[in-house]
Structures are given as structure tokens and as C-alpha cells.
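Down below is the structure, laid out as C-alpha cells.
The values are calculated or read from the model by the stated rules, or taken from the named source; none is laboratory data. Since the structure is predicted, the reported quantities are computational estimates derived from the model, not experimental observations. Glycine gets a Cβ as well: all are built from the backbone with ideal geometry, and neighbour counts include every protein chain shown.
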Amino acid sequence: MDIQFVPLNHVHEKLGAKMVPFAGFNMPVRYSSDIEEHMTVRNGVGVFDVSHMGEFTLKGANALDLIQRVTSNDASKLIDGQAQYSCLPNETGGIVDDLIVYKITENDYLLVVNASNIEKDWNWISRFNTKGVEMKNISDDICLFAVQGPKAVTVLQKLTATDLSPIKYYHFAVGELAGVKNVILSNTGYTGAGGFEVYVHKADAEKVWDAIFEAGKDENIKPIGLGARDTLRLEMGFCLYGNDIDDTTSPIEGGLGWITKFTKAFTNSAAIKKQKEEGVTRKLVGFKMIDKGIPRHDYPIKDAAGNVIGKVTSGTQSPMLSIGIGLGYVTTANSGVGSEIYIDVRGRALKAVVSKMPLIS
């Protein structure tokens, strides 16, 4: 597969980022160290260039109807300026992708999807577009910067007349930022550290990026790579598509029952509702290591008797807790908070405990 470049690729290389292939894109994995960047976001402010993400616009009288048919959450509840986390169920019990639905105004929506699934999601949604919804894939035209951390609002407020303080979590405004009009300022993110995600046309991307860093000098703002993005989201217990959820994991198994609303019919909704009512045999859980060790993707999870009861889907060393943490699927009987489990780390059974998420709470 050909590697694509985000519009500010040259900026990241100039900043000395280590660039790696990710989801088909050349992406910055780190600029300094994962731990330093992680703590910058938790305690101050950092900026991720996540312009590899996909964006689709859906417009017209039947736009909501299409979104309702393909997504698990109930988008009819959205008001103008509100966003919603959701997923696209497939027809066999799994998940095509997880995404965010933005309601710009009546009959005007923006869907933000994972970079690795842009074509897959486009084809999937298009298959259900039987009522003439105007769909556009604007992924190549949009840059997305995640300005995250407790000082993020302080930095961004210097650049806009839009009052950011009343914008609630999972709400957004369309305004001017750094002299650039029609910028989406969204109180969302993948870190649990607070902040905004900024959607801007690629022609204005470098101007906005530079303005954000100039405004954040006093707060010691830093660029942040994918390495810290992964440790930050894991501390919160946020799923990563392709690791923790995929085409074979149901929303109920993956702990996404809260975004699965049976107030309307959607793809495979009858089967998923039955699963919710009857229960599942495995569940995605968060866990913390008791013994010293770092859990990694695909490590077996065992019970005290040594029986395999599941596997790790994501794992790391938590910079905040200084212990190993992870997500993984285990049998329902072993999924309760406080349950002792054992992670098979290269033949050694290391004790861990199923923990409430977020893991740093």
C-alpha cells in the first residue's frame, strides 16, 4: 500500500519527529520521548496532528435517516453544535468502525472516521444511501489538530473571539481562529486531559498550526506524537479500532452498550438487542498489573488455574501510575471489577486485576 502524507509532513520532519507508517500514512510517533509528551498533555498542553482521520459530509432531507440506519447511537437526539460517539455495526455481529457524528445544522452532518477505514466506511455507508443523501468525502481537504491538556483552552482562547468556556464536552462551535474562518472548534479528544479538536481546511493548516504554537509559548506547548496518544487513551480505557474492537467484536462485548440505542432500527439491531438481553460470553475489560511487567497485544490472559480465558488487545506502561495497564477480552465470569487475572508474558504468569475505567481514576 502506498504511504500517504499529511499536509504538514514537512513541519513534523523539521521538528525532528520520528516518522512511522500508521494507518497508511507517514505519521509522527514522537518528537522527544513518549513519557515527556504524555505528561505534557496531562499537565499542560500539547498538539497532535491527526489529519490522517477521515471526514464525510452528509447533507439533505434524508441525512439523519441514513445516519440512523447505519449507526448504533441515536442521532435524532443531537442538537445543532453537538457531537456524538457512535459505531457502525456490521451484519455479522461485529463493528465496521467507530466514529463521531457532528450535527452542524438541520440536514447537515459531519462524520469523522478512522484513517485506516476511510474507504471501507465510505463504501459501507454508501451502500445504504438509497434516498439521495448528498455525500462527500472531504478527508483530503481537512486537517485536524487535537489541542489537548488542562491549558488547551487558555492557548486557543487567545486566537478566537468565540468564547470556548461554555462549550460543553462533545459540543462544538464554528468560528474564526487565528484569522481563519469556518474552523470547527470541538470539545472532544482521545486523551481524557481536556481540550479541543480543531478542524481546518488544509490550505490554512500551517498558518493555524504556527499560530497555536506561538500562542502557547508561555504554556510550554509541545507537539505530541502517536506514542503518547496511545498511552493517554489507554489510561482512559478508550478503544482503538483494530485492537480493542473490530469486525468480529460486538458493541455489547466491547463495552459499547452505552452507544447502542434500541429506540430505532439499525444494521443488525435485532441480533445485538438479543445479545444484550441474553448476555455475552466475553467482555472487554481494563486491568492493572499487580506483578511487574508490561502487557502487550495478543498476550494470553489466564485464570489462577492456568486456563486461557482471553487475550490482551492493548497494553502499555502507564506514565501516570508507573505500572503496566491494558485492555483485553476475558470470559464474562472473570470480567467483574476486582477479579484476579494473569497475563502470560513470555511464559510467565503475571498477576493483574480487572479495574474500573478510566484506569487512572
Counting only strands (runs of 3 or more DSSP E) entirely within segment 268-325, those with at least 2 residues that are more than 23 Å from the chain's Cα centre (by Cα) are 300-302, 308-317
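Within segment 146-159, count every residue that is of a type outside the set (D, E, K, R) and buried (at least 21 other Cβ atoms within 10 Å of the Cβ).
Selection size over segment 146-159: 8.
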Could you say which residue among 20, 41, 45 is touching a residue at least 12 places away in the same chain (Cβ under 8 Å), out of contact with any Phe, Trp or Tyr (no Cβ under 7 Å at 6 or more places or on another chain), surrounded by fewer than 17 Cβ atoms within 10 Å (Cβ to Cβ) and not hydroxyl-bearing (Ser, Thr, Tyr)?
20
Could you please find all residues in segment 112-141 being under 14 Å from residue 52 (Cα atoms) and either surrounded by fewer than 20 Cβ atoms within 10 Å (Cβ to Cβ) or of a type outside the set (Val, Ile, Thr) (or both)?
114, 115, 116, 117, 119, 137, 138, 139, 140, 141
Find the residue count for segment 208-238, including only residues that are at negative phi and under 20 Å from the mean Cα position of the chain (by Cα).
15
For residue 279, are the conditions met, namely being of a type outside the set (Lys, Arg) and buried (at least 16 other Cβ atoms within 10 Å of the Cβ)?
no
Contacts under 7 angstrom Cβ, first residue in segment 61-77 being more than 20 Å from residue 273 (Cβ to Cβ), partner assigned to a loop (DSSP other than H, G, I, E, B) and of a type in the set (A, V, I, L, M, F, W, C), 6 or more apart
62/133; 63/133; 66/128; 66/133
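Please find, within segment 62-100, the residue that is surrounded by the most Cβ atoms within 10 Å (Cβ to Cβ) out of those that are in a loop (DSSP other than H, G, I, E, B) and in contact with a Cys (Cβ under 9 Å, 6 or more places away or on another chain).
71
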Please give the number of the condition residue 2 fails out of (1) surrounded by fewer than 16 Cβ atoms within 10 Å (Cβ to Cβ); (2) assigned to a helix (DSSP H, G or I).
(2)
Condition met for residue 263 (of a type outside the set (A, V, I, L, M), closer than 9 Å to residue 72 by Cα, at pLDDT 95 or above and more than 18 Å from the chain's Cα centre (by Cα)):
no
Given the residues 336, 310, which is the only one that is out of contact with any His (no Cβ under 7 Å at 6 or more places or on another chain), modelled with pLDDT of 95 or more and surrounded by 19 or more Cβ atoms within 10 Å (Cβ to Cβ)?
310
Between 211, 205, 193, which is in contact with a Lys or Arg (Cβ under 8 Å, 6 or more places away or on another chain), among the hydrophobic types (A, V, I, L, M, F, W, C) and in contact (Cβ under 8 Å) with a residue 12 or more places away in the chain?
193
Of all residues in segment 154-171, which are in contact with a Gly (Cβ under 6 Å, 6 or more places away or on another chain) and either of a type outside the set (Ser, Thr, Tyr) or closer than 25 Å to residue 37 by Cα (or both)?
155, 171
